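Report on one structure; see the data block that follows.
The numbers here are math on the coordinates, done by the rules we state, and not lab data. Computed from a predicted structure; not experimentally measured. FYI the Cβ positions are ideal-geometry reconstructions off the backbone, even for glycines, and counts take in every protein chain you see.
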Amino acid sequence: MATTTQQPTPPDGLVRGDDGLLRPAWAADGLMREYYDTEWGMPVRDEQGLFERLSLEAFQSGLSWATILRKRGNFRAAFAGFHPETVAAFGEDDVERLLADAGIIRNRAKIRATINNAAATIALRAEGGLPEFIWSFQPEATPAPTTIAEVPTTSPESIALSKALRKKGFSFVGPTTMFALMEAVGIVDTHLVDSHRRGTSGVWT
C-alpha cells in the first residue's frame, strides 16, 4: 500500500500554496500572490518608481492594499504614469477630473497631496533626488519576524523618514505609511523567516 508523505504544518501566519511554497495568508491567492511573489520587497531605486509607490501608499491609507492593487492600472492612467513633472503641473481642472474618475480612489486630500508631492519630488533633485533621500533611511538591520504578529508597523527609521519628508514639503507620509513603503521597496525585509521570499531582494542576506 502506497504511503504519502505529509508536509509539516506551516508556521503561524503562513500558508502553503498549491506549488508547495509558503506565503503569508494575505498573499495566498490571485493578484496579491502575484504581487507578493514578483514585486513586494524588491528594490525600487528610480525616482518615478518611488514616486508612484509613495503615492499609492498614501492612497492606501485606511484601505486595503488589494483595493489599490486592483486599481493600479487606473491610477497610472489617471496620473500620467506618475511622471513627476506632469503631475506637478496638474491644476484644478485635473483635480476635478480625478474626483470624477471612478477607477481610482476619489479622495480630494489624497489627490492634492499627490500633486503636491510631485512638486516636492522635483525640488528634492537639488539634494540628490528622492531615491537617495528615501534610501538614506535604510536601517543597519532588518526585522526577522517568524509570525505575522511579530511584523512591526513602524520603526525609528520610518518615523525619521516621515518627519524628514514633511520638512521637505511632502504630505500623507506618516510613519506607518512610510514603513509600508520601506517594506514594499526593499529598504527593510519583513518577509516571515520561513516564507519562500525571505532574503530574495538582494538587499539583505
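General remarks:
- Cβ-defined net charge surrounding Ala141, 11 Å radius [Lys, Arg +1; Asp, Glu -1]: -3
- Residue-count net charge about Phe179 - beta-carbon cut-off 10 Å; Lys, Arg +1, Asp, Glu -1: -3
- Placing +1 on each Lys and Arg Cβ and -1 on each Asp and Glu Cβ, with no other charges, gives the chain a dipole about its Cα centre of roughly 440 debye.
- Shape call, segment 108-155: gyration tensor on alpha carbons, a/c limit 1.5: oblate
- Placing dummy labels 7 Å off each Cα toward the beta-carbon, the span from Arg76 to Val15 is 2.7 nm.
- Secondary-structure-derived ellipticity at 222 nm for the chain, considering helices only, amounts to -13000 deg cm²/dmol, per-run term -39500 (n - 2.57) for DSSP H runs with n ≥ 4.
- Crossing angle, helix 156-167 versus the chain [Cα axis fit, 0-90 degrees, rounded to tens]: 10 degrees
- The phi torsions of segment 97-114, fed into the Karplus equation with coefficients 6.51, -1.76 and 1.60 and a -60° offset, translate into couplings of 4, 5, 5, 8, 8, 5, x, 10, 7, 8, 10, 4, 4, 6, 5, 5, 4, 5 Hz, rounded to whole numbers, with Gly and Pro shown as x.
- Comparing Arg97, Arg106, Arg53 in a Gaussian network model of the chain (Cα springs below 10 Å), the most mobile by mean-square fluctuation is Arg97.
- Stokes-Einstein D for segment 45-157, Kirkwood Rh over Cα pairs, 4 °C, 1.567 mPa s (µm²/s): 84 µm²/s
- Cα-based equivalent ellipsoid of the chain: semi-axis lengths in Å, sorted from largest, via gyration tensor: 34, 20, 13
- Distance from segment 133-205 to segment 43-113 (C-alpha centre basis), Å: 21 Å
- Angle between the chain longest axis and helix 175-184 axis [Cα atoms, degrees, rounded to 10]: 60 degrees
- Nearest-ten-degree value, helix 47-60 long axis tilted from longest Cα axis of the chain: 80 degrees
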